1. When you check B:Ala161 against the structure, is it in contact with a Pro (Cβ under 7 Å, 6 or more places away or on another chain), in contact (Cβ under 8 Å) with a residue 40 or more places away in the chain and within 14 Å of chain A (Cβ to nearest Cβ), yes or no?
2. Could you please let me know if B:Ser283 is polar (S, T, N, Q), in contact with a strand residue (DSSP E or B) (Cβ under 9 Å, 6 or more places away or on another chain) and surrounded by fewer than 24 Cβ atoms within 10 Å (Cβ to Cβ)?
3. How many residues does the stretch A:304-330 contain that are loosely packed, with under 15 Cβ neighbours inside 10 Å, charged (D, E, K, R) and either modelled with pLDDT under 90 or in contact with an Asp or Glu (Cβ under 6 Å, 6 or more places away or on another chain) (or both)?
4. Looking only at the stretch B:53-99, filter to residues that are among the hydroxyl-bearing types (Ser, Thr, Tyr) and over 21 Å from B:Phe323 (Cα atoms); which one of those is modelled with the lowest pLDDT?
5. Hey, B:Ala282 hits all of (1) part of a loop (DSSP other than H, G, I, E, B); (2) touching a Ser or Thr at 6+ places or on another chain (Cβ under 8 Å); (3) away from chain A (no Cβ under 14 Å) but one; which does it fall short on?
6. Can you tell me which residues in the stretch A:235-246 are assigned to a loop (DSSP other than H, G, I, E, B) and buried (at least 18 other Cβ atoms within 10 Å of the Cβ)?
7. Can you pull out the helices (runs of 4 or more DSSP H) entirely within the stretch A:162-234 that have at least 1 residues that are surrounded by fewer than 24 Cβ atoms within 10 Å (Cβ to Cβ) and facing chain B (nearest Cβ under 7 Å)?
8. Against the definition (more than 9 Å from chain A (Cβ to nearest Cβ), at pLDDT below 90 and more than 15 Å from the chain's Cα centre (by Cα)), how does B:Ala313 come out, yes or no?
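The values are calculated or read from the model by the stated rules, or taken from the named source; none is laboratory data. The shown structure was predicted, so the numbers you read here are calculated from the model rather than taken from an experiment. When we count neighbours, we look across all protein chains shown, and the Cβ atoms used for this are built from the backbone with ideal geometry, even at glycine.
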Amino acid sequence: MRRTSLTTLALAAVTSLGLATIVPVQAAATINGAGSTFVYPILAKWADTYRTKTGLGVNYQSIGSGGGIKQIKAKTVTFGASDKPLDIKELDEAGLVQFPIIMGGVVPVVNLKNVKPGELKLTGALLADIYLGKITVWNDAALAKLNPGVKLPAEKINVVSRADGSGTTYIFTHYLSKVSKEFKEKIGNNTSVEWKAGVGGKGNEGVASYVRQLNGSIGYVEYAYALQNKMTYAQLQNKAGKFVKPETESFQAAAASADWKASPGFNLMLTDQAGAKSWPITGATFILLHKKPVKTENAQEALKFFDWAYRQGDKMADALDYVPIPDSVVKLVEATWKKDVTDAAGKAVWTDAMIQK
Amino acid sequence: MMRGPYGAPHFHLPDKKNILTMATGQSEIPDSVLKRQRLMDRAFHATTAVAAGIVLILLVGIIISLFIGSWQALSTFGFGFVTTDAWNPVTEKFGALVPIYGTLVSSLIAIVIAVPISLGIAVFLTEVSPEWLRRPIGTAVELLAAIPSIIYGMWGLFLFAPVLANHVQPWLQSTFGDTPVIGALFQGAPLGIGMLPAGIILGIMIIPFITAIMRDVFLTVPKFLKESAYGLGATTWEVVWNVVLPYTRMATVGGIFLGLGRALGETMAITFIIGNTHRLSASLFEPGNSIASTLANEFTEAVGDAHTSSLIALGLVLFLITFIVLSLAKLLLMSLNQRSGKKS
């Protein structure tokens, strides 16, 4: 009896020793991130592919942008992800760099009998008036004038918004605040706002099910969500005065037209950008990293991963209906890495030699 | 003196030494054995005391952390936090009136719906139903309690809301819409989403809880009381109204309060169907918000400190409301135990 238990003990000791020698290696082979829920599906897909290729794991917790910002400031994670860019002052105070990793957009969706996807045309100002509760019926003169061929019913407009705080609401209200002064004053721009009309659903799926449920309703969801669920989206008039449909090209056009160089810390919202093809409610998710990382090797691995994602990840992004960052912007981002992310000795953490084929 | 199951007083338990003496027939047990047993006994007591203590520590810890977390909001907005209806994350002005109102009103609707139905089920199960039917119905009610709340929410939104919007709400509107005072409760577009639908779903959710308690307390009514009443020619209704209910009044009310406590804290089902809008409205057809669903919706993406702190303060308010309701329930149940103890 005693002998067996001794043997077990010895075995346990050996095993734990064995583990002890393995564990540090594993710890070095995982980088931790936290933040935006919007970016989670594509980050998870990238991380999985990257791990089978290199053995390096990326552990991402989708706790929300607010949580991601808090975690990176508290230095508990290697990188944070936020749908709302931090301004240059906040970045400097916390010693962070910021760069866009992936794009998406927000699409107005409606539930109207006899109206097909893409048939309804809207302008930013009209959309703002609907969400302000000023335009309340579908056969309103302004709507009818814009949509001569479309049969608009004499029904009340049921306005649906996001009840939970989200990057989607941030981008949407950012756009409406840009195009309508009244919207900016009365409602404003944030991850959650005090809506003046309608009901609120939780998450994209909550908004979508309310829109499906209520006749004559209008809501806003992420582009990927509208596409995958074949929802009746509306066309929007962009800054150039053209009506555009939500599709990968129109989102990339918005990113390409944006003046990234003039925006320190990539603090740039892609809403209402110039360009004939630009979709006006476009947004990006931003990665946050410490300029002087606590663990240089972790930050280096993270940058290698993001570089790989920029170069090899576009197909995966397309498959999940995300919009990849244009190559011209990637060049700017990597130049920032070289300049700003340094180890304790002031040496750049990222070099071109680290690019993986 | 303690009472056994039949009301007879227990004999004082003989101490351990005597039991052992009786069992072994020996007159003396070595002191070392006794000492060890005493020690183990003490260790056992200490262990259980620690386990119980952990609960208290947790409770106090939660209260303290709620206070610390909500301090910023409470010190900024003061008492106005519970009396103002603004909830604006952009301007960082927060008042809890809308969620408090939504929580109380939806729970009130739930109670108004659940109490009569639960009473009916409990009376049927204890007085009217034939013996063979009691178990299946009782089990069905218990199963209803086991359904996760998110299922109720989804059922409410996808199946119940359209029925409500197309049939029930228009009927309510045409029947009561023009009545003074209560007419105001039934104004607005019938969406199937809002305060009334949320209250109805909540009501369905708490029926099993209230029913279970009512049935159990109705069963405590002594047979001879009911049989005497029947002997005097009372009908079943008269027995229920004049004998069963007065005898169990306090416990019944206690059970209702327990159901209310559950309704107040319910989150997912409400989030699906209340409409999640921070607007105060007299009409029960309009969307509103409850404390629990505001927390569920906004906590993850609350970026500003004032927003986070206000949400924690909302949690504190909910904690206080539930605490008051549950204490009342406990008090009522306690007073019943004392009374029935004296009577029997």
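1. When the stated conditions are applied, B:Ala161 passes them.
2. The answer is no for B:Ser283.
3. So the count comes out to 2.
4. Out of the qualifying residues, it is B:Thr91.
5. (2)
6. Within the stretch A:235-246, A:Asn238, A:Lys239, A:Pro246 meet the criteria.
7. It comes to A:203-213.
8. So B:Ala313 fails the test.
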